[in-house]
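*Asks:* Quick one: this structure, given as structure tokens, is what I'll be asking you about.
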Amino acid sequence: MAFIFGLVIGLVIGLALIVGFVRMENARSKLRSELAATIAAFARMTVEDSRKLLSPDVYPSWVLTWLNHHLTKIWPYVDEAASELIKTSVEPLLEQYRPFVLSSLKFSKFTLGTVAPQFTGVSIIEDGSNGDGVTMELEMQWDANSSIILAVKTRLGVALPVQVKNIGFTGVFRLIFKPLVDEFPGFGAVSYSLREKKKLDFTLKVVGGDMSAIPGLSDALQETILDAVEDSITWPVRKVIPILPGDYSDLELKPVGILEVKLVQAKDLTNKDIIGKSDPYAELFVRPIRDRIKKSKTISNELNPVWNEHFEFVVEDASTQHLVVRIYDDEGLQASQLIGCAQVRLYELEPGKVKDVWLKLVKDLEVQRDTKNRGKVHLELLYIPFGMENGFTNPFAPNSSMTSLEKVFNSGNGTEAIEKEKAATQKKKEVIIRGVLAVTVMSAENLPAADLMGKADPFVVLTMKKSENKNKTRVVNDCLNPVWNQTFDFVVEDGLHDMLILELYDHDTFGKDYMGRCILTLTRVILEGEYKDSFELDGTPSGKINLQLKWMPQPIYRDS
């Protein structure tokens, strides 16, 4: 009996120990998971995030104090070493972006001054690659007393010494220590770049003269300097400094993909003209440097312009870059007026998938306080990373898994590939998207009343924009929810650059009244082959139209 009792007690104690050990291990595992998640969250925390969590009196400023103290001590040596380096690297860019009115633009004097920059924030960010590097971001503020004099020579032979004064700068510098190695100092190279330019102010003054003596010179020089800064050091451009012997070419700036953009149209733009309407055009860019900015044609006297233009952009870092669209009113010989701007971050695009977006225009992308309605712009976007599977179908270039530009980059990355693409532009083949578009106008709903009796006699006019081929439905009398179910076929010679315009009218005995319209590109039907959908009508307070579209391709190729 005692043996049985002892056996039972032993089993109970053993089970209790096992249960307790399992629960303890589960608790430890949960704590480890929570700790790992916390560490990962801190790794992703930026300077702005840390300032939201920690008040200024708690914020760990000793690190910044230490950095600023030592930077102040070594600044005279930094000035001596960096001034000549910056001068020799920036001067060719100034010459590249030199305004037409100038025949020469060089530095006659360049020193960074005696005032060292001050670091106001620091953060370690997560390395998104294979984890063999450390990335640090430093927020810096600099009110410099630099001594910078430009030797400016105009095409009229007039030489002017122009001083760059009162430099005020706030931005975030990114330092990448990569690759990590076992040798001292622990990394093979360091890359640096201006990750974010929050403010860059300066003034220009002619030494012993007046800058206004040559109209437009000050604005042209300021634009040239800003372009040079943007092109030479702003991310994704980076400068690589080898610390240990080795090949670090993989750290340099390289294209990683192509962004295809179709600028479709804009609606309800702000009118900038006193007489008539604005003459809008668009500028688009991923990097705001002159040879990368694309410009659309100008649509005269129109607040609802339709462009349907296609552009390609080289992408160097899809995780941080974005597409910017600016809509201007063309003022002829005078400077164009900005109507509004918008942007799309490239990391929001799914690679290989067309994204159809309407973007609200704002006055300034940095200051998000604009509540005025400036209109909106319609884009179709497609991001194609290099090395994407060959099975991917590009609707902008059917029957080809890659665009011609992408093929060139795949055969040789970098600037050399860009030059090859430029040289081969006249010889490459252009894909002509030819086919038959079948459009079924099924019905419309909730149309506004157009007659005195509270009804309408609607019919639809269908137009292919490029070929100007037209068809129209029958008239449905006394109806605000008409049903047509009529199909029309259009032979399309170039689907990439054509559009379908549907205009709704009210039939009258002595004419017709406009009721609204719907504009469609052919991208979706080319990609999907066939689809049904409802579309809101523009230019009317209510109403939508139900359509079915079908595409029967007949692709052909020709030498451009």
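The values are calculated or read from the model by the stated rules, or taken from the named source; none is laboratory data. Computed from a predicted structure; not experimentally measured. FYI the Cβ positions are ideal-geometry reconstructions off the backbone, even for glycines, and counts take in every protein chain you see. Side chains included, ligands, DNA and RNA excluded: accessible areas come from the protein's heavy atoms. Shrake-Rupley method; radii C 1.70, N 1.55, O 1.52, S 1.80 Å.
*Asks:* Provide a single number: the residues in the range 230-245 that are part of a loop (DSSP other than H, G, I, E, B) and open to solvent by 60 Å² or more (accessible area, probe 1.4 Å).
*Replies:* Of the residues in that region, 2 qualify.
*Asks:* Next question. Answer yes if at least one residue in the range 108-122 is closer than 25 Å to Gly188 by Cβ, part of a strand (DSSP E or B), in contact (Cβ under 8 Å) with a residue 24 or more places away in the chain and not assigned by the TED database to the domain that holds Asp317, and no otherwise.
*Replies:* Yes, that holds for at least one residue.
*Asks:* Taking Lys372 as the residue in question, decide whether it is more than 23 Å from Tyr97 (Cα to Cα) and open to solvent by 60 Å² or more (accessible area, probe 1.4 Å).
*Replies:* Judged against the criteria, Lys372 is a match.
*Asks:* Sticking with this structure for a sec: Out of all the residues in the range 56-74, is one or more among the charged types (D, E, K, R) and modelled with pLDDT under 75?
*Replies:* Yes: the range 56-74 contains one or more residues that are among the charged types (D, E, K, R) and modelled with pLDDT under 75.
*Asks:* Which condition from (1) in contact (Cβ under 8 Å) with a residue 40 or more places away in the chain; (2) touching a Ser or Thr at 6+ places or on another chain (Cβ under 8 Å) is the one that Asn145 breaks?
*Replies:* (1)
*Asks:* Going by what's in this entry, would Lys262 be described as basic (Lys, Arg) and assigned to a loop (DSSP other than H, G, I, E, B)?
*Replies:* no
*Asks:* Picking from Leu150, Leu160, Leu156, which residue would you name as being farther than 20 Å from Arg238 by Cα, out of contact with any helix residue (DSSP H, G or I) (no Cβ under 7 Å at 6 or more places or on another chain) and part of a loop (DSSP other than H, G, I, E, B)?
*Replies:* Leu156
*Asks:* Still on this structure: How many of the residues making up the range 268-304 are in a loop (DSSP other than H, G, I, E, B), modelled with pLDDT under 90 and of a type in the set (Lys, Arg)?
*Replies:* Total meeting the criteria: 3.
*Asks:* Go through the range 282-306 and give me each residue that's closer than 18 Å to Gln343 by Cβ and more than 16 Å from the chain's Cα centre (by Cα).
*Replies:* Within the range 282-306, Ser296 is the sole residue that qualifies.
*Asks:* Okay, moving on. Taking Gly454 as the residue in question, decide whether it is on the phi > 0 side of the Ramachandran plot, part of a strand (DSSP E or B) and either surrounded by fewer than 20 Cβ atoms within 10 Å (Cβ to Cβ) or touching a strand residue (DSSP E or B) at 6+ places or on another chain (Cβ under 7 Å) (or both).
*Replies:* For Gly454, the condition - on the phi > 0 side of the Ramachandran plot, part of a strand (DSSP E or B) and either surrounded by fewer than 20 Cβ atoms within 10 Å (Cβ to Cβ) or touching a strand residue (DSSP E or B) at 6+ places or on another chain (Cβ under 7 Å) (or both) - is not met.
*Asks:* If I filter the range 300-327 down to residues being open to solvent by 40 Å² or more (accessible area, probe 1.4 Å) and in contact (Cβ under 8 Å) with a residue 40 or more places away in the chain, which single residue comes out as nearest to Leu194 (Cα to Cα)?
*Replies:* Ser319
*Asks:* Right, something else. So which of Lys294, Lys254, Lys262 ends up being out of contact with any Pro (no Cβ under 9 Å at 6 or more places or on another chain), of a type in the set (D, E, K, R) and within 23 Å of Cys518 (Cβ to Cβ)?
*Replies:* Being out of contact with any Pro (no Cβ under 9 Å at 6 or more places or on another chain), of a type in the set (D, E, K, R) and within 23 Å of Cys518 (Cβ to Cβ) holds for just one of Lys294, Lys254, Lys262, which is Lys262.
*Asks:* Same structure again: Considering Val362, Val460, which residue is modelled with pLDDT of 80 or more and more than 30 Å from Asn485 (Cα to Cα)?
*Replies:* Result of the check over Val362, Val460: Val362.
*Asks:* Considering only residues that are open to solvent by less than 30 Å² (accessible area, probe 1.4 Å), of a type in the set (Phe, Trp, Tyr) and closer than 21 Å to Val152 by Cα, which ones fall in the range 65-106?
*Replies:* Tyr97, the sole residue that qualifies.
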